[in-house]
Structure formats: structure tokens, C-alpha cells
Amino acid sequence: MKSKKQSGQILLIVLMLLTTALTIVFSTAFKSTTDTQITKLEQESQRALAAAEAAIEERLRLGTDVVIGAGGGQLNLGTAMSGYATLDTSSYNYYISPYLRKDDQLTFYLVDYISQYNTTTREFTTGYSSGNDIEVYFSQNPSCMALEFTLINRDGTSVKRFLANPVCDAFISGNGLVVSSGPFTVNGETFNYKVTLSAAQLSGNSLLIARVITTIPTLTSKIEFTSLINLPSQGNVVTGEAQSLTGDIKVTKEVNFIQQYPQIPSDFFLTSF
Amino acid sequence: MQKTRLIQFFTQHFKVFFVCTILYLGVFNNGVFARPCNSLCTLHECDPGLICSSGRCRNPSCTQDNSCSCAYTIQGTKVGMPGNQSIEPFISQTVTVVGVGSSSNNPYSFPTSFDKTVNVTIPAGSRVGYTRCYNNTACHNDPPISGSSADISAQNAAKTASKYVDLWWHFTPLTPNCEQLNWPSTVYIGDTVSLNTSYVDDAGPVTDVGLVIYNTSIGCYPQNPPAELNQSVTTTQGDRAFNWTPSAVGTYTAYCRAWNDGIAECRGDCVDAAPRYPCKGSDGNGLDAKKTISVTDPGPWFKVKDASFHKVGALNEKVVNNIAAYDADDDATKRFVTFGESGLTTVEGSYNSPADPNPVPANNNSPVWNVENYTMNQPYLGSYFEYVTSKKEFTTISSLVPQQNAINVYTGNPTINSDLPNAPYVLIVNGDVTIDMATFNAAESAVAIIADQITFSPNTTAANGIFIANTIIVDDTVAQTTGLKIKGNLITKTFTNSRTRSDNTKPTIFVVFQPKYYIRLLPTLNISLYDWRQVQ
């Protein structure tokens, strides 16, 4: 016959085994849930990002602000997604170009293209008149490059040219503007060189075209323009934001899309034969 | 009695005296006791005409000659100085050995004997001296003895077995000297070249200086052809420049001239007779007292205004110094590849290498902006059709009537012989375009034509607009009086210019960059740049 003491021990052992088994089961279930949640988060992030981009594209197509949701005039992405795309009309005292390659050129607007370019006369109505210098930063490591500037006045009847030729670009004969050596970190971007275009040089001109000159075939670099006052907009900036609303998971993505105002490619601007 | 004795005394002594005299004359003087040439002797034993010299009977004129004949040879050469040159008119002067004969041979030779005098004739405008070596030829680099008459000593000439005297006559023209100072080898027709020359006193002083140029194929003296240039001025020694503007293509020879007035002249190496002589120059041979100059036509050239310019291939423009303006938009004082508001000049190959006679600077920036051996990225140049049709809004047209303010796409190989309507427009031709009219777009409306190939026919002298193509041809078959002017822009990777013009003081191709076309075509002739930035 078993004693009470022996039955108690068996019960204890069974309880311990049961506890262990339950722990294993519960932890496995928890990990599975977590993994599911992470996967779900990633999926929602992708959906939100795609939704934000879609909103931007819809904004560009319609030409008016877009709201993500059901109903007319909106971007219907289902009830689990909300957001918008709107034209960003903010202005800043700096502008950072996209990456430019060897022989690319950037058409920088010294006056607002939308309001100042007369589509009937096909001319600008005004030229630069802010009275402030513009500093141009260029050449990001490990590159070495020069910039050729072309200024065109509002009706295209005059042109002026300058060369910013840093010391590192000894392959170009001749000097031009005074180039300062950095490094310069401006608005999150670091550049090797800076040149100042004076208000007097810029006055009356509508376009400033900056052409990249370098012997490095793989060079890419941004150019940044800064001034004491806000610079004219250089393109359409559409901000798209989307928020995923699936269950308890809420993911928000925001994207800026910059469409530069018309760019004159150097291929079609440089006399060549 | 005394008288008889006296007579007997004198008679006896006279007999003795007479006998002694006979004995002396007969025995001791060519008598029984006389000695022949070269025989041993003491004092008076030698044959008549010989003397006893150093124990031998010798001819007194050549006591070293054991043949007693005093025979030897007078030989020599006539040369011009400096450098003992065998040149006329000196080598044909007449040498006379007095009492023997004369000869104008060179070298000359006279067998003779005993002492002699030798004379030589002197050409006008020169002087002469001589070097004289007895029984050797090693003295002729010594300074000559001045004079046209030389005495020859048989005593010296005949004393060795070789028996000769080597007598050289050294003639020196009494001329000044001249040499060219960096005269060019090539001159372009119509260019004025300054021929800087050095004139210096030499054997004669400088009294007048000059320069003469002949067409090389015609020659100079003795043909005495008309000279392309024949200038002179009275002056003393120093540097002087003479200007020459050639009027015809060809090969010419220029000679410097220097006078010693009334006495002699040196004239390159272009001479006929004394008293005109070749100039010595700097090396004594006169090679730099003349120079051959080639006059060439530089051919067609181009000029670009207000532009940044990329040259496909090498850049080696041949341009006359004295250029003329193409028209009112040009500037004849600007002899550059680009001028006006010119930017950087990049060259795919080398720049002015090898340097032409008249290398052209890249531009009038100060300092000049240029880069050679530069590879340009032009991704849109050959692919804009594909870019437009895939990314931009465009209009397809089936006839050459473009839509205004639009990108028009036409497929075919059109010939444009009248202005197209509805400017401003961008016309993209999927094919080859020929522009065949005197002035395309005379109204200077904003137009851009982009094609695989654009050909400007011989009839086209002006075209206004932006012309972009993989290949651009400026066609022509004969030299024109005008070139081709592009007002706008000209952009291509392959450029063929067949056009020439009769007046190469003006450019054949003249491109004037017009930024106004880019302003007016801004909404259409452009590319789009995008940038995405995720901010959250």
C-alpha cells in the first residue's frame, strides 16, 4: 500500500511536469505571435509607403491635393489606409540638388518659374533682384570637380559665364571665381568647396545654369545653394503621407517627391561639333 | 845695259807669271783640276757655275739640291675665305709664274726652277693673301700673308727630294655679313610677316641693307626674275625687319643683302658675279643668310560667339593673322575659337598640337579657359527621340506643319526649303533632314530641330534655330563667297564641313549662341529631374 507521503510526491512531480509543458507551449505561442506581429508591421510599412507614393502620383496626375480614403475625388485604398498628398509650398533659404554626374548641368531658377514665366510671351517677367549673394557649395568626397556657371537674363538676350575652378582641378587652364576650400557641412550635406555669386552678378538674370566639369567618369555630387533669404522654388514638392490602420498596428510613412522645374540638358546647351 | 836687264827681268817674270796663270786657269779652274756637281770640294774646285758648299759642289741657287738643277714645282689652290672654300669667282682666277706661264686651273701646277715670283688676279670687291709651304701642305690654315704676289725661293723648294712649294691663294670678299633671325617656314597667304634680319660689319662695313624674295621655282640669278620683294635701306650695322605680304600660294626663297657701298655686296647665296658674293651667315656657309618660305592657304575655319564649346576630335585651327569679320555680329579683333561671353572650351583630342604657324587661342577669357583630351558625356544627343516618346507628351505629325509650343515627332527624310509655321516648336525627325534654302527661319523664331542627321545644302548660308543631330553636314562642292552662319546653336557628335570660301580671312562656319531660344523653348526642350526622399 502507498503511503500518503508517496502520493504527494507524485502529485508534485506531475504538477512540475505540467508547468514545464505549459511554459514551453506558451512561449512558443508568444514567439509565434511576435513574429507574426513583426511580419505584419513590415507589411504595413510597405503598404503605407506604397500608399504615400500612390497618393503623390495621384496628386501629380490630378493637379490637386488628394486624400486617401473612399469616396469621389479621393484615392480609394480601402478602409485600412488613410493619408493625403499635398503640394508643399514651403520655401527655404537653401536648395540641395539631386546627385549630378560628370557633364550634367543643373538649371537653377533665380525667380519663381510658375509665377514669373509668361507662357504667352515665353519669357520671364522679372530677373533676380533680391540683393543677396548666393553661395554655391559643390564637390562631395571623394570627387574633384569644377563648375561652369551660365547666367541668362529674363528674355534670353544676354548671357554671362563664370568658372569655379578649385585647385584640385588643375586640368583646366585658367582661373575664374574665387573658390574657398572646406569642408563645409550645410543642411546635412558636406562639400569640399564653396563659391559666392554676388547679387550684382546675379541681378537681372532668371536662370543660373551650373555645369559639372570633371575628368572622373564616376563622379556624382550634389550642389547646394544658400542665401540669406528664401530662394525661389526649384520645382514641385509633393508630400505624401499614409497611415496603415490594420488592427492595433498603425504605421505612418511620409515621402517627399521633388519634380524639378524644366531642366536644360547640357547635351542640348553646349555648342559641339 | 840697264834697259836690257830691265827688259830681260820683266820678260822672265812675265813668262813665269804667264805660265802660272795658264796653270791656274787650266788646272784649278775648269781645267785639268775642275769638279762636277755634288763632288767633294774644298774651295774653288767646282765646275763653273757651281760653288763649293759644305764640301760639295753645288748650284749656288740651291745648295741643298744634289742635282744642281734647282728644279721644283710650284703648285697650289685658290680658295675663298672663310674656311678655304672652293668657290667662285676665286677658283678660276689666273695664277702667273713670271717667266714661266699662267693658268686658271684649280689646283694649278708649274714645273720650274730657280727663284720665281708668282702673281694672282683679284676679283673686284675682294682681297687676297697667300700661304706658302715648302715641301709640305700643312700651313694653309695659318693666317695668310696679305698680297697678290709671292716670291718663291729655289733654295727652300729644291732642298728635299720632293722639291715643291705649295702656294695657296686665299680670297676674302670685302663684304659685310647678314643672317636671318627666326624667319618663319610657313606663312599664310595675305598675312604680313616681319622678316627680322641681323646685319654686321665683316670684311667690309655695312653701308646699306636689304632683303630680296624670289619664287623658288623661278630662281634668282642669273635668271634675274622679278622679285616678290626687293627692299633696301641705307644704314649701318644692326637688326632690321622687312615686312612681306605674300599674295600667291607657292614656295619662295628669301635672301638677306648687305652692301659695302661701291666695293662689294653679299646676297644670301644668290649671286651672279663679283663684286657680289654669298653671305657668310653665322656658320660661314651662309645657310642662314637665306630661307625657303612656304606660302599656303589655311583653308576654312570656324568661329563661335557667346558659347561654351566642345570640339569633337582635335582642335588645330589654321587661321591667318589678319582676319576679317564674318558680318556685324563678328569682331575682327577677336582671333579666337570662341569669343564674346565665351565659356569653357573643351577638346576631345589635343589642342593646337602640333602648333600651326598661327595657333588660335581658345577664347578671350583672361586667363584662357580650355581643357584638352576631354571626353564629354552626351547621353541625350543620340537618344532624345526615345526619351521623348517614352517620357514626354508629344504630337505626331505626318506633314511638316508642327504644332505650336509642342514637341512634334515626324518620321521621314524631309527637305526643308521654306520656313515651317507655328513657331515656337520643337521638331524631332526620326530620319535625316536637309535644309535647302538661303536663310532658314529668317524671322529668328524659337525653333529646335533634332534629327539623326541634318544637312545644310550649298544653297544655305544662314540658319536660325537650335540644330541638334548625331551627324551634321555642311554640304558644298565649290568655293563660295560666303560661309554658313548659325544663329542659335549647333550640336553634333559628327561634323562634316565641305564648304570652302575664296576669302579665308573670314570664318567659313560662324555660330552665334542665342540663349533666347532656350528661354522660349523652356517648357518643351527640356528633361525632367526627379528626386524621392523618404522623411519618415
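We did not get these values from a lab; they are worked out from the coordinates using the rules stated. No experiment lies behind these values; they were computed from the predicted model shown. As a convention, Cβ positions derive from the backbone with ideal geometry for all residues, glycine included, and neighbour counts pool all protein chains shown.
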Exercise. Round to a whole angstrom and tell me the spacing of the C-alpha centers of the range A:189-238 and the range A:76-100.
Key: 22
Quiz item: Counting other C-beta atoms within 10 Å, which of B:C70, B:C133, B:C279 has the fewest, and how do the rest follow?
Solution: B:C133, B:C70, B:C279
Quiz item: How far apart, in nm, are two points set 7 Å out from the Cα along the Cα-to-Cβ line at A:T220 and at A:Y99?
Solution: 0.1
Practice problem: Counting only C-alpha contacts under 8 Å and six or more residues apart, can you give the relative contact order of chain A as a whole percent? | Solution: 27
Quiz item: What's the local net charge at B:S69, with K and R +1, D and E -1, over the other residues with C-beta under 15 Å away?
Solution: +2
Quiz item: With a Cα-only, solvent-free Debye model of the range A:157-273, what are the log10 I(q)/I(0) values at q = 0.10 Å⁻¹?
Solution: -0.48
Quiz prompt | Reachable lysines, given that their alpha-carbon falls under 28 Å from the alpha-carbon of B:K334 and they are not under 8 places away in the same chain | solution = A:K160, B:K303, B:K305, B:K311, B:K318, B:K485, B:K487, B:K493, B:K506, B:K516
Quiz item: What per residue convex hull volume, in Å³, do the alpha-carbon atoms of the range B:104-173 yield?
Solution: 90
Exercise. With the Cα gyration tensor of the range B:204-357 in hand, convert its eigenvalues to equivalent ellipsoid semi-axes via √(5λ) and list them largest first in whole Å.
Key: 43, 16, 15
Exercise. Can you tell me the relative contact order of chain B? Whole percent, Cα pairs under 8 Å, sequence separation 6 or more.
Key: 8
Practice problem: Kindly state, to the nearest 0.05, the FRET efficiency for B:D272 paired with B:T481, given R0 = 45 Å and r defined as their beta-carbon distance. | Solution: 0.50
Quiz item: B:G190: net charge of surrounding residues, Cβ under 12 Å, Lys/Arg +1, Asp/Glu -1, itself excluded?
Solution: -2
Quiz prompt | Span from the the range B:40-99 Cα centroid across to the the range B:449-486 one, whole angstrom | solution = 89
Quiz prompt | Hz values of 3J(HN,Hα) by residue in the range B:275-291 - Karplus curve (6.51, -1.76, 1.60), Gly and Pro given as x | solution = x, 9, 10, x, 6, 6, x, 8, 10, x, 9, x, 5, 9, 8, 8, 7
Quiz item: Going by how many other beta carbons lie within 10 Å of each one, how would you line up B:H170, B:H44, fewest first?
Solution: B:H44, B:H170
Quiz item: Hey, if you put +1 on the Cβ of every Lys and Arg and -1 on every Asp and Glu Cβ in chain B, which of B:G284, B:T96, B:C57 ends up farthest toward the positive end of that dipole?
Solution: B:C57
Practice problem: From the P(r) of the protein assembly as shown, can you give the percent of Cα pairs sitting at distances over 53 Å? | Solution: 50
Quiz item: Relative contact order for the range B:172-273 using alpha-carbon pairs under 8 Å, separation at least 6, rounded to a whole percent?
Solution: 37
Quiz item: Taking θ as phi - 60°, what are the ³J(HN,Hα) couplings along the range A:255-271 by the Karplus curve (6.51, -1.76, 1.60), each to the nearest whole Hz, with x for Gly and Pro?
Solution: 10, 9, 10, 10, 9, 4, 4, x, 10, 8, x, 4, 4, 9, 10, 8, 4
Practice problem: Would you kindly state the longest site-free stretch of chain B, with sites defined as GluC sites (Glu not before Pro) in a DSSP loop (not H, G, I, E, B) surrounded by at most 16 other Cβ atoms within 10 Å? | Solution: B:1-392
Self-check item: For the range B:42-146, alpha-carbon Rg relative to the globular expectation (2.2 N^0.38 Å, N residues)
Solution: 1.37
Quiz prompt | Dipole of the protein assembly as shown, positive end: most advanced residue of A:Y94, B:P123, B:S383 [Cβ charges, Cα centre] | solution = B:P123
Quiz item: Label points 7 Å out from Cα along the Cβ direction at A:E189 and B:S217: separation in nm?
Solution: 6.6
Quiz item: So between A:A80 and A:I13, what do we pick up on full extension, going 0.36 nm a residue minus the alpha carbon distance?
Solution: 19.1 nm
Quiz prompt | the range B:174-206 versus the range A:14-52: alpha-carbon centroid distance in Å | solution = 102
Self-check item: Tensor-based shape of the range A:35-148 (alpha-carbon gyration tensor, a/c under 1.5 rounded, otherwise prolate or oblate)
Solution: oblate
Quiz item: For the pair B:S418 and A:L22, how long in nm is the line joining their label points, each one 7 Å along Cα→Cβ?
Solution: 10.0
Quiz item: Shape call for the range B:422-526 from the C-alpha gyration tensor, a ≥ b ≥ c root eigenvalues: rounded (a/c under 1.5), prolate (a/b greater than b/c) or oblate?
Solution: prolate
Quiz item: So for the range B:281-348, Kirkwood radius off the Cα pairs, Stokes-Einstein at 4 °C and 1.567 mPa s: how many µm² s⁻¹?
Solution: 87
Self-check item: Extension reserve of the B:D239-B:S383 stretch, reckoned as 0.36 nm per residue once the Cα distance is removed
Solution: 45.6 nm
Self-check item: Spherically averaged projected area in nm², based on the convex hull that wraps the Cα atoms of chain B
Solution: 47.2
